[in-house]
Amino acid sequence: MTPDRGPTEQTHDISLTVNGVLRQARVPARRLLSDCLRHDLGLTGTHVGCEHGVCGACTVLVNGQPMRSCLLLAVSVDGSEITTVEGCTDPDGSLGPVQRAFMECHGLQCGFCTPGFITTIAAYLRRNPNPTPEQAREAIGGNLCRCTGYQNIVASVLRAAEIMREESGDAGVPAAGHGRGERA
Amino acid sequence: MTTRMIGEPIPRREDPRLVTGQGRYLDDLGAGALQVAFVRSPHAHARIVDIDVTDALDVDGLVAIYTYEDLAAADEAGSSHLSEPLPLLIPHPDLTHPRTAYPLARDEVNHVGEPVVMVVATDRYVAEDVCDRIRVNYEVLPAVVGLDAAIEATHLVHPDIPGNIGAHMVQERGDARAAIAAAPHRLELDLEIERSASMPMEGRGVYARWDADDRTLRVYTSTQAATSVRAAIAAKLAVPIDRVEVIAPDVGGGFGVKVVHPWPEEVLIPWAAMRLGREVKWTEDRREHFISSAHERGQKQKVRVGFDDDGRLLGMEFQVWHDHGAYTPYGLIVPIITTTQVLGPYKPGAYRGEFWSLYTNTVIVTPYRGAGRPQGCFAMERTMDAIADYLGLDRTVVRERNFIQPEEMPYDHGLVFQDGRGLVYDSGNYPALLDKLKALVGWDSFAEYAEQARAEGRRVGIGLACYVEGTGVGPYEGAHVRVETTGEVVVATGLTTQGQGHQTMLAQIVADELGVPVERVTVTTGDTRRFKYAVGTFASRTAVMSGNAAALAARKVRAKALRIASEALEVDPSDLEIVDGVVRVRGVPSSPGAKTEIPLSTVAVLSNPLRYAFDAEAARATQFAVGGSSEEPPVAEDDEPGLEAVDYYSPPRSTFAAGMHAAIVETDPETAEIKVLRYCVVHDCGNLINPRIVEGQIHGGVAQGVGGALYERMVYDSAGQLLNASFMDFLMPYASEVPTVETDHLQTPSPLNPLGVKGAGEAGVIPAAAVFASAISDAEGFAITRMPISPSELFELRERFAAGEIPPLRSRSGHISGEGRFVRAKEDSR
Ligand code: FES
Ligand code: FES
């Protein structure tokens, strides 16, 4: 019972700009974007926790917007700009502000959900660079984490905002509570 | 001075990799591997009539289809043991009717999700296409679903197991029934807890490669017990264990479910890899995780207590009906823990714990973080609240009066714990914990707040719960520590990591013991190539077991380094210290190159006498470079080359951590929505190695506790279909549901181990259901006896309460009791 045949499913050529680099792939129409990134392009930082659009682990930025790559077909985003967690570093390859904040605030444990949080937060802080603790909690309200209880992820959002303000040389309006100790 | 690392909240060593997407979880490996999907049973209980693969055979990309018959044929042709049931991991004399599954179902399926056919294909999409085309004909049998059906036993899960009873066990100290009968007051409680599950964000997964030339099998699996998986694979596949390597890569959470092994997939995937001579991988999807891994928590309980006028327990009888699902691979661990850890920080008087472990046609039940403790804590804490209410005493007062006192430690309960050892608490200070908790949550001023809230038309309630957690169970763990000639220190321990920061925590310990900067220490866990002897990660045991083993191994290395350095520097070892990776004479200011100091890297070079030089460092250890007496052998008789050591830590018994939680909730008078206003934790896990990591463990545990108390349940219909097997329908808390946790610590060192530490991994989850039941009861004025509780259930309870079907509580925060007295005031002014 071991017939070995090559796949003959019809495929499509697509090109994506992933983390600033033009990438090409030949994929069947049903290939999920998450699988395309992970298995065709080897960018395994994007994780899948449910493959039904609920956990957010697979969140990537498509043309700057956070989207669940497990709910997108790779062919449907042909020609798009994609940012994954691998692309959330600073231009010199060192940890980006959100990544640094997660490390400083102990915003991760197993790290499986983390890429989805980092991409989501990176996009959020671009829209709202100065969130309150309540807004920070709201901003991550669509992602599941089973390890951290979210408290340190909320702190990470606030800390990342602070780092970004520091780096842009703009002291900004200090948001209440920063670093490790978010208080209700 | 090297800064002391133990006790420092340093950032984690593992984070830079994980935050940049450079983690390597199971499905990130094996890019070119063949992929597996399973045909799983759609029925809870059925006989397999036949399996027809005809339609599937011409799917492009299909590589192989396997059923039970193929396993049997393989066993017959070779010496594998795949057609036998999977091992009973933890046998127990009271588990009189154990039953484990076959890797692929033989004639019968006993829960929805049981694997029946394995398909190997070029990719997962194709493998699933093939699965869709395989026809399995079943003869459906009546399903036993839920504890009531199991107890009733109109139908049997396994026809040869009468009454669906896998085990019946009694542990008794004193004559509890007589003590209860003779007590001035008696109460009886019927309680219930529903099923939930570990539900790590990464499911299970296995990836195997067989090197036919080298005749070695390498298996990556998302496990909590790599060394045991290795032993199981070697036994099942009849490969010499020395030819099997098992590696737990980065693991995306475990919480207990991944300690079970070997999962069917953990033997089937390597078997297929050997058979096909190809790399083979299986990654569990979320639905599979719901219906074919493991659940926990489901119990019905009956408590009978007798107590005196002060609320002191005189006797307690605790009966538990435990739903263990279709099979019993993990033995009786969960109900044993429930019926022993129920005792918490209290002296029960005479105690009788009894359980029945019952079969149902549902997913197997094995430990999930807390492992039976949340249920035990729920029973005892509901009882304490009931006694307080009965006597009109403050809930903290009744607890205080029953506490084991610090001067009574070590305290022997006279029972046998889950590790087969005595249930003896090693240390703890429960009165101090309670004082801290009361201060943190503001217990004494709550009545005022509640009255004020009530005046505004709001309902608020406060609750608390206390627990004691046996952590760091044996039998042992070990560690290997080596100083490389670069001065880098590598550490390996056999147990595995699922996000607890072990690499950081163990590096802190070794850095301190050796006197090296923590950045120079690299830790490997869960890789049998690096360390072959281990038990696994469960029962909050890593810091205790591997932590102490690493400390002991590092101490050996330190002693050796001092000895070698003392010869090189010609000083007594007792005059030497190691600071920042340099061995130096105590009290002499550092001056590199002087005869008063020598870097550990050089000591490592000198520890390994060489004939051949491969670099400048090595040249210093070659035969003409080192001096010394030509009468003595270069490696002394009972010495070994290399600056390294292995040591093991094996405790006489568990060490007992403790904690107390309090919550303030608000329940909506109209909608019965339950809102958590505050959540406070005081916690004592002995000496803290990394307070930040411990705090994170507590946060995560509380979040799972909130889920288990207010949201999560496995909803089975009467046919045994799991109706909510997705993240859409199984309500795991998001950030909006989890409260901010306020914490305070007490540190009562364990006298049992060199570091004085106790485990912290499970603590956060244990009391949550009990705390919320206590707080909601306080807000509502009637006792909550069943968890989890949803707003609609609370709404129904209110209606029954209004109809007089549920008795009111007498004492509530900020309430005038039925007899018109303000109950709390009397007892609060201690
Ligand atoms: S994997 Fe896409 S949302 Fe869960
Ligand atoms: S860190 Fe493990 S799931 Fe979030």
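For B:Leu576, list long-range residues whose amide hydrogen, built 1.01 Å from N in the peptide plane, is under 5 Å from its own amide hydrogen.
B:Arg586
Give the distance, in whole Å, between the Cα centre of the range B:216-289 and the Cα centre of the range B:56-86.
Between the Cα centre of the range B:216-289 and that of the range B:56-86, the gap is 17 Å.
Taking a cut-off of 17 Å between Cα atoms, list the aspartates and glutamates near B:Lys675, but don't count ones fewer than 8 places away on the same chain.
Hits, sequence-local ones excluded: A:Glu134, A:Glu138, B:Glu456, B:Glu666, B:Glu712, B:Glu737, B:Glu742, B:Asp778, B:Glu780, B:Glu793.
Please list B:Glu139, B:Glu469 from largest to smallest accessible area, probe radius 1.4 Å, with all protein chains kept in place.
B:Glu139, B:Glu469
Averaging sequence separations of C-alpha pairs under 8 Å and six or more residues apart, then dividing by the length of chain B, give the relative contact order as a whole percent.
15 percent
Using the Cα gyration tensor of the protein assembly as shown, with a ≥ b ≥ c the square roots of its eigenvalues, what is the shape: rounded (a/c below 1.5), prolate (a/b larger than b/c) or oblate (neither)?
Here the protein assembly as shown falls in the rounded category.
Per residue of B:7-18, how many C-beta atoms from partner chains lie within 10 Å of its own C-beta, taken as a mean?
Partner-chain Cβ atoms within 10 Å, mean over residues of B:7-18: 4.
Could you check how much of the accessible area of chain B is carbon and sulfur, as a whole percent, using a 1.4 Å probe?
51 percent
Label chain B by shape, choosing from rounded, prolate and oblate, from the square roots a ≥ b ≥ c of the eigenvalues of the Cα gyration tensor; if a/c is under 1.5 it is rounded, and otherwise prolate applies when a/b is larger than b/c, oblate when it is not.
oblate
Helix-only estimate, please: 222 nm mean residue ellipticity of the protein assembly as shown, summing -39500 (n - 2.57) across DSSP H runs of length 4 or more and dividing by its residues, to the nearest 500.
Estimated from H runs of four or more residues: -8000 deg cm²/dmol.
On average, how many beta carbons from a partner chain sit within 10 Å of the beta carbon of a residue in A:100-109?
If you average over the peptide's residues, the count of other-chain Cβ atoms is 6.
Between B:Gln721 and A:Ser168, what is the spin-label point distance in nm, taking each point 7 Å from the Cα along the Cα→C-beta axis?
In this crude label model, B:Gln721 to A:Ser168 measures out at 5.2 nm.
Through the Karplus equation 6.51 cos²θ - 1.76 cosθ + 1.60, θ set to phi - 60°, convert the phi angles of the range B:469-480 into ³J(HN,Hα) values in whole Hz; use x for Gly and Pro.
Each residue's phi maps through the Karplus curve to give 10, x, 10, x, 6, x, x, 6, 9, x, 8, 10 Hz.
Restricting to Cα pairs below 8 Å that are 6+ residues apart, what does the relative contact order work out to for the range A:89-168? Please round to a whole percent.
Taking the mean separation of contacting Cα pairs over the length of the range A:89-168, I get 45 percent.
If I require 30 Å or longer along the helix axis, counting alpha carbons, and a Kyte-Doolittle average no lower than -1.0, what helices from chain B are left? Use full DSSP H segments.
Long hydrophobic helices here: B:542-569.
Quick one: Karplus J couplings for the range B:170-181, per residue in order, coefficients 6.51, -1.76, 1.60, θ = phi - 60°, nearest Hz, x for Gly and Pro?
Once θ is set to phi - 60°, the couplings for the range B:170-181 become 10, 10, 9, 10, x, 9, 5, 5, 5, 4, 5, 4 Hz.
Tell me the angle of helix A:114-127 to the major Cα principal axis of chain A, expressed in degrees between 0 and 90 and rounded to the nearest ten.
60 degrees
A 32 angstrom limit on the alpha carbon distance is what I want to check against. Which of B:Lys258/B:Lys560; B:Lys236/B:Lys758; B:Lys347/B:Lys436 exceed it?
B:Lys258/B:Lys560; B:Lys236/B:Lys758
Based on the mean of other beta carbon atoms within 10 Å per residue, what is the order of A:154-162, A:131-139, most packed first?
Ranking, from highest mean packing down: A:154-162, A:131-139.
Suppose each label sits 7 Å from its Cα in the direction of the beta carbon; what would the B:Asp668-B:Tyr533 distance come out to in nanometres?
Distance between the two pseudo-spin positions: 5.9 nm.
Keeping all protein chains in position, work out how much accessible area A:Glu9 exposes to a 1.4 Å probe, and write it in Å² to the nearest 10.
80 Å²
Say a paramagnetic label sat at a point 7 Å from the Cα of B:Arg47, along Cα to Cβ; which residues of the range B:153-177 have their backbone N under 18 Å from it?
B:155-161
Per-residue counts of other Cβ atoms within 10 Å, averaged by peptide: what ranking do you get for B:770-782, A:17-29, highest first?
Descending mean neighbour count gives B:770-782, A:17-29.
Can you list the residues of the range B:280-313 with backbone N under 14 Å from a point 7 Å past the Cα of B:Leu187, pointing along Cα to Cβ?
B:303-313
Based on the mean of other beta carbon atoms within 10 Å per residue, what is the order of B:785-791, B:391-397, most packed first?
By packing density, highest mean first, the sequence is B:391-397, B:785-791.
What does the structure give for B:359-371 when I average, per residue, the other chain Cβ atoms found within 10 Å of the residue Cβ?
Per residue, the average neighbour count from other chains is 0.
Using Cα pairs under 8 angstrom and six or more residues apart, how large is the relative contact order of the range B:332-455, in percent?
This gives 25 percent for the range B:332-455.
Which shape class, rounded, prolate or oblate, goes with the range B:446-587 when its Cα gyration tensor gives a ≥ b ≥ c as root eigenvalues, a/c under 1.5 marks rounded, and past that a/b bigger than b/c marks prolate?
Cα axes put the range B:446-587 in the prolate bin.
The values are calculated or read from the model by the stated rules, or taken from the named source; none is laboratory data. The structure presented is a predicted model; accordingly, all values stated were derived computationally and were not measured. When we count neighbours, we look across all protein chains shown, and the Cβ atoms used for this are built from the backbone with ideal geometry, even at glycine. Each accessible area value is taken on the protein alone, full model and side chains, heavy atoms only, with ligands, DNA and RNA left out. Shrake-Rupley method; radii C 1.70, N 1.55, O 1.52, S 1.80 Å.
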